[in-house]
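The values are calculated or read from the model by the stated rules, or taken from the named source; none is laboratory data. Note that the coordinates shown come from a computational prediction; the quantities given were computed from them, not determined experimentally. Virtual Cβ from ideal backbone geometry, glycine too; neighbours counted across all protein chains shown. Only protein heavy atoms, including side chains, enter the accessible area calculation; ligands, DNA and RNA are left aside. Shrake-Rupley method; radii C 1.70, N 1.55, O 1.52, S 1.80 Å.
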Amino acid sequence: MTAALRDSVAKARQVLCDEYLRNPKPRQLLARHAELIDRTVRALWSESGPPRGAALVATGGYGRGELYPCSDIDLLILLAAEPSEAEQAAVERLIGTFWDVGLEIGHSVRTVPGCVEAAAGDVTIATTLLEARHLAGSKALCSRLGKELAEHRDPAAFFRAKKLEQEQRHAKHQDSPYALEPNLKEAPGGLRDLQVIQWIARAAGIGHRWADLVSKGLVEPGEARSLAKHEALLEDLRIRLHYLAGRREDRIVFDLQTSLAEQLGDKDTATRRSSEAMMQRYYQTAKGVTQLNTILMQNLEALLAPKPDTPPRALNERFEVRSELLHVRREDTFRREPIAILESFLLMMQHQELRGMTARTLRALWRARPLINASFRKDPAARLLFLHILQQPRGVVHEFRRMNQYGILGLYLPEFGAIVGQMQHDLFHVYTVDQHILMVLRNLRRFTMPEFAHEFPLCTELMSGFDRAWLLYVAALYHDIAKGRGGDHSTLGAVDARSFAKRHGLAAEDRELVAFLVEKHLAMSHVAQKQDVHDPDVVREFAEMVGNERRLIALYLFTVADVRGTSPKVWNAWKAKLLEDLFRAARRVLTGQPLGRDAALAEKQAEAVRLLRLYALDDSVKDKLWAQLDITYFLRHDAQEIAWQTRNLHQKVDADKPVVKARLAPFGEGLQVMIYTRDREALFARICGYFERSGFNIVEAKVHTTRSGYALDTFLVMGQGPGSHYRDLISMIENDLASDVQAEAPLGPPRGGRVSRRVRHFPISPAVDIRPDERGAYQVLSIVASDRPGLLYDVARTLARYRINLQTARVNTLGDRVEDVFLITGPALTDSRAVLNLEQDLLKNLALQQPAAVAA
């Protein structure tokens with residue numbers, strides 16, 4: 001019988017799957033699957049010889065008659081009394097039989113008093129038993145369980161426990177439904193947010209259907225229809241996820257997003273992937289669920305666990321404070337005065353005692369959203385209010401997030417509404433476009449707060465003296481607003497920013513500043529990470545592009561906030577130093593204190609000599625080494641590096657053996673490693689190979705050859721993962737790397753390793769470009785690719801095979817995306833056929849380790 005049932009269940013489940021994919025009806029599938037399991041467990045129960053007077057009870061989701069394809073089957077074996085040894089053995093055989101048939105059950109064995117006691121001490125058990133449903137055995141015992149649980153249930157205590165549980169669950173998911181791989185069951189805006197409402201309503205005797213909540217005045221008919229629509233979409237997605245994964249999978253993982261989108265009929269377009277369209281619908285649904293959950297939780301709290309009644313305090317003729325919440329005094333206020341929609345958010349910012357909005361206010365806002373139309377957006381009073389919101393000294397980030405959450409921001413700025421919930425598969429943004437924009441806004445606001453001054457003291461200092469800092473917030477709203485349209489999003493966004501500034505009456509100077517920041521928001525990061533910030537010509541060209549000091553300060557502040565807002569993995573101390581060095585150098589140019597190349601060189605050398613004196617070294621110790629170094633060396637290294645290298649090499653200029661020295665990076669993160677040795681073929685590749693094998697990421701490489709044929713290379717490296725104990729690694733690197741660079745063995749293959757799932761399923765097409773620099777002295781090799789272990793070593797081995805010499809390397813890792821720039825020379829670069837072959841080999845190597853990604 002067991003074998004027959006197992007085959008029967010498997011075939012029936014496959015039939016359900018096939019029928020669902022042909023004609024998806026979530027409610028029907030969940031009910032029919034539950035009925036299939038009902039028939040199966042009843043048959044096994046009747047054959048098993050269960051304990052006398054016992055009952056088989058379905059609990060949890062299965063208890064309410066909803067069973068997802070791969071969900072656990074929650075069963076309670078309810079006993080009339082504590083079991084004898086024989087009855088215990090019978091129960092264990094029954095449970096084993098369930099598993100033999102292929103049912104993944106979650107079971108408990110309890111008496112009625114045991115259930116009551118367990119429910120009293122654990123809200124999760126209380127919730128599971130709330131949905132208990134008789135399957136087989138004693139109906140009287142099952143009925144007794146329901147009655148005793150109801151007698152001991154305290155709806156107010158149950159509400160408070162479920163509210164706290166929801167808050168903890170939301171915190172676990174960073175209080176955001178906008179994760180790139182969201183859990184559609186547990187995350188904010190997921191199925192659990194709908195179920196918690198139904199559980200509380202059932203516990204309070206209100207009912208468990210949305211219609212029951214309508215009849216009690218807790219939700220309006222239109223809201224109930226929205227709840228049912230959101231529920232159906234989430235149920236459909238979860239069912240499909242289970243079928244696609246072949247297991248219980250509640251996260252919309254990268255691996256399944258494309259397949260899921262294809263099942264739902266989404267197609268790739270020229271500007272967006274099918275998965276991005278599908279995910280945007282999910283995010284919009286999740287946002288709707290969180291809005292309605294907030295309203296219903298407030299209404300249920302007012303019904304079940306009301307706070308002590310305190311007299312309302314009027315704020316103006318439209319609003320008042322009730323129990324620390326903003327309350328609209330008349331339900332038709334927003335209909336009568338639509339401008340009050342924006343006023344409500346302004347009041348939230350101006351009154352620190354407010355911790356939210358009442359359910360009536362939220363519902364009125366929800367109903368009033370259609371009033372934010374073209375006429376509303378043209379209203380001078382609305383435009384003035386919006387500017388006031390931007391200019392408030394506190395609460396800007398909180399209220400913009402609230403406006404986005406309630407759909408107000410996307411209606412007032414339709415161009416913003418178009419990017420709400422839009423994913424970014426560029427391998428370094430880990431937020432949707434709207435959440436990234438709000439994260440940049442948050443970072444800019446933190447520069448204004450003294451409590452965060454220790455994080456970025458220079459940014460805090462600059463922001464404190466920056467007049468009309470709110471203009472940066474406008475730029476934040478628009479800098480990525482044109483993502484997904486096709487074309488250059490910076491240029492298109494600048495057009496939108498100018499339009500906003502003109503509509504809202506900004507002065508011409510302010511309009512141009514905002515448009516400049518949007519159009520050039522990538523420029524400073526590009527120059528700092530891909531060009532030599534110590535080259536006076538590079539600095540002068542950048543300063544000329546910026547134009548004046550106010551723009552420079554604004555662009556620097558904006559760039560720091562933007563890079564920090566892409567991903568926690570992208571920002572590091574090295575990027576901070578590059579941006580600050582470029583800012584300070586450009587500021588000198590723009591304030592009339594520029595240094596010519598010779599003057600800059602002399603100043604840097606003088607500072608290096610001063611630093612050497614601190615170590616009691618005579619001014620002449622530098623002469624032998626510096627005589628071997630050309631102007632390029634002094635331009636690429638700062639005074640501190642020059643002094644450090646001179647101090648370690650002045651007695652070893654003609655050394656026969658390699659000199660390797662390492663120190664903690666001067667700006668606080670990583671190690672700076674110097675290698676001085678006679679130059680040889682593939683030296684750069686050997687060094688890269690050592691760091692790759694040792695688990696270090698190379699962040700920057702400066703490669704220099706002295707007049708006497710020695711290589712003087714400097715690398716900035718960082719450990720993989722937080723908490724690397726750099727000081728303990730210095731001695732190991734100095735000894736091991738010195739041995740490695742002398743080795744005669746051929747270059748080995750890269751160690752390789754696992755690429756991230758995001759890279760596997762959303763890779764970027766590798767790009768390689770070789771072209772002369774502006775002076776024609778060197779070739780510039782630019783590489784863009786998905787990051788993976790051993791990538792830089794692969795590039796170095798390829799360059800070594802073509803006998804290419806490296807002058808400098810800028811290794812820029814942005815999350816899972818690599819954008820590296822190399823300054824190279826070599827005879828092969830004068831042969832167009834060799835250059836073509838080099839580019840093709842590099843492209844092949846960049847994609848070679850990503851077969852899964854290419855196939856996907």
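For segment 316-333, check the following and say yes or no: at least one residue is closer than 30 Å to residue 68 by Cα, assigned to a helix (DSSP H, G or I) and in contact with a Lys or Arg (Cβ under 6 Å, 6 or more places away or on another chain). Explain how you work it out, then say what you get.
Here is the first cut: in segment 316-333, the residues closer than 30 Å to residue 68 by Cα are none.
For segment 316-333, residues closer than 30 Å to residue 68 by Cα, assigned to a helix (DSSP H, G or I) and in contact with a Lys or Arg (Cβ under 6 Å, 6 or more places away or on another chain): absent.
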Would you please list the contacts, defined by Cβ atoms under 8 Å and residues six or more apart or on different chains, that run from a residue in segment 616-633 that is more than 9 Å from residue 650 (Cα to Cα) to a residue that is assigned to a loop (DSSP other than H, G, I, E, B) and open to solvent by 60 Å² or more (accessible area, probe 1.4 Å)? 627/707; 628/707; 629/707; 630/707
Scan segment 607-625 for residues that are among the small types (Gly, Ala, Ser) and surrounded by 11 or more Cβ atoms within 10 Å (Cβ to Cβ) and report the count. 1
Suppose we keep only residues that are assigned to a helix (DSSP H, G or I) and open to solvent by 40 Å² or more (accessible area, probe 1.4 Å) within segment 626-667. Which one would you say is nearest to residue 578 (Cα to Cα)? 640
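Against the definition (surrounded by fewer than 20 Cβ atoms within 10 Å (Cβ to Cβ) and either of a type in the set (S, T, N, Q) or outside any loop (DSSP other than H, G, I, E, B) (or both)), how does residue 511 come out, yes or no? Spell out how you get there, then give the answer.
On the way: surrounded by fewer than 20 Cβ atoms within 10 Å (Cβ to Cβ): no; either of a type in the set (S, T, N, Q) or outside any loop (DSSP other than H, G, I, E, B) (or both): yes.
So residue 511 does not fit the description; no.
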Are there any pairs with C-beta distances below 7 angstrom linking a residue in segment 786-808 that is free of Cβ contacts under 8 Å to residues at least 40 places away in the same chain to a residue that is open to solvent by 10 Å² or more (accessible area, probe 1.4 Å) and of a type outside the set (Asp, Glu), with the two at least 6 apart or on different chains, and if so which? 802/826; 802/828; 802/834; 804/826; 804/828
The lone exception for residue 241 - which of (1) closer than 22 Å to residue 166 by Cβ; (2) buried (at least 21 other Cβ atoms within 10 Å of the Cβ); (3) not β-branched (Val, Ile, Thr) it fails: (1)
Members of segment 349-365 that are open to solvent by less than 20 Å² (accessible area, probe 1.4 Å) and within 30 Å of the chain's Cα centre (by Cα): 349, 354, 356, 357, 362, 365
Working carefully through the options 513, 444, find the one that is touching a Lys or Arg at 6+ places or on another chain (Cβ under 8 Å), under 13 Å from residue 558 (Cβ atoms) and either modelled with pLDDT under 95 or not β-branched (Val, Ile, Thr) (or both). 513
Could you tell me whether segment 118-129 includes any residue that is in contact with a helix residue (DSSP H, G or I) (Cβ under 7 Å, 6 or more places away or on another chain) and closer than 30 Å to residue 244 by Cβ? yes
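Just to be sure I understand, how many residues within segment 669-682 are at positive phi and in contact with a Lys or Arg (Cβ under 9 Å, 6 or more places away or on another chain)?
Here is the first cut: in segment 669-682, the residues at positive phi are 670, 682.
Next, from what is left, pick out any that are in contact with a Lys or Arg (Cβ under 9 Å, 6 or more places away or on another chain): 682.
Qualifying residue count for the region: 1.
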What's the total number of residues in segment 250-271 that are modelled with pLDDT under 90 and in a helix (DSSP H, G or I)? 2
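In segment 585-600, what count of residues is obtained for those that are of a type in the set (A, V, I, L, M, F, W, C) and either modelled with pLDDT of 85 or more or open to solvent by 60 Å² or more (accessible area, probe 1.4 Å) (or both)? Reasoning before the result, please.
Within segment 585-600, the subset of a type in the set (A, V, I, L, M, F, W, C) is 585-586, 589-590, 595, 599-600.
Then drop every residue that is not either modelled with pLDDT of 85 or more or open to solvent by 60 Å² or more (accessible area, probe 1.4 Å) (or both), which leaves 585-586, 589-590.
Of the residues in that region, 4 qualify.
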Name the residue, out of 124, 111, 128, that is polar (S, T, N, Q) and open to solvent by less than 30 Å² (accessible area, probe 1.4 Å). 111
Residue ID - surrounded by the most Cβ atoms within 10 Å (Cβ to Cβ), chosen from residues in segment 76-93 that are in contact (Cβ under 8 Å) with a residue 40 or more places away in the chain and within 46 Å of the chain's Cα centre (by Cα): 78
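Of the residues that sit in segment 462-489 and are touching an Asp or Glu at 6+ places or on another chain (Cβ under 6 Å) and of a type in the set (A, V, I, L, M), which one is surrounded by the most Cβ atoms within 10 Å (Cβ to Cβ)? Lay out the reasoning, then the answer.
Within segment 462-489, the subset touching an Asp or Glu at 6+ places or on another chain (Cβ under 6 Å) is 471, 478, 481.
Remaining after also requiring of a type in the set (A, V, I, L, M): 471, 481.
Details: 471: 22, 481: 25.
Once the filter is applied, the top-ranked residue is 481.
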Does segment 379-400 contain at least one residue that is over 30 Å from residue 571 (Cβ atoms) and of a type in the set (Val, Ile, Thr)? no
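Tell me the residue from 96, 106 that is in contact (Cβ under 8 Å) with a residue 24 or more places away in the chain, closer than 24 Å to residue 248 by Cα and surrounded by fewer than 21 Cβ atoms within 10 Å (Cβ to Cβ), please. Spell out how you get there, then give the answer.
Values: 96 fails: in contact (Cβ under 8 Å) with a residue 24 or more places away in the chain.
Result of the check over 96, 106: 106.
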Residue in segment 135-189 that is surrounded by the fewest Cβ atoms within 10 Å (Cβ to Cβ), counting only those that are touching a residue at least 24 places away in the same chain (Cβ under 8 Å) and of a type in the set (Lys, Arg): 139
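Please state which one of 528, 543, 501 is under 23 Å from residue 637 (Cα atoms), open to solvent by less than 10 Å² (accessible area, probe 1.4 Å) and either more than 27 Å from the chain's Cα centre (by Cα) or of a type in the set (Asp, Glu) (or both). Quick ask: steps written out before the conclusion?
Numbers: 528 fails: either more than 27 Å from the chain's Cα centre (by Cα) or of a type in the set (Asp, Glu) (or both); 501 fails: under 23 Å from residue 637 (Cα atoms).
That would be 543, the only listed residue that is under 23 Å from residue 637 (Cα atoms), open to solvent by less than 10 Å² (accessible area, probe 1.4 Å) and either more than 27 Å from the chain's Cα centre (by Cα) or of a type in the set (Asp, Glu) (or both).
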Given (1) out of contact with any strand residue (DSSP E or B) (no Cβ under 8 Å at 6 or more places or on another chain); (2) part of a helix (DSSP H, G or I), number of the condition residue 529 does not satisfy: (1)
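Might you check whether a residue that is under 12 Å from residue 818 (Cβ atoms), part of a loop (DSSP other than H, G, I, E, B) and open to solvent by less than 50 Å² (accessible area, probe 1.4 Å) occurs anywhere in segment 775-786? Give the steps one after another, and end with the answer.
So in segment 775-786, the residues under 12 Å from residue 818 (Cβ atoms) come out as 782-786.
Now narrow it down to the ones that are part of a loop (DSSP other than H, G, I, E, B): none.
No, there is no match, as no residue in segment 775-786 is under 12 Å from residue 818 (Cβ atoms), part of a loop (DSSP other than H, G, I, E, B) and open to solvent by less than 50 Å² (accessible area, probe 1.4 Å).
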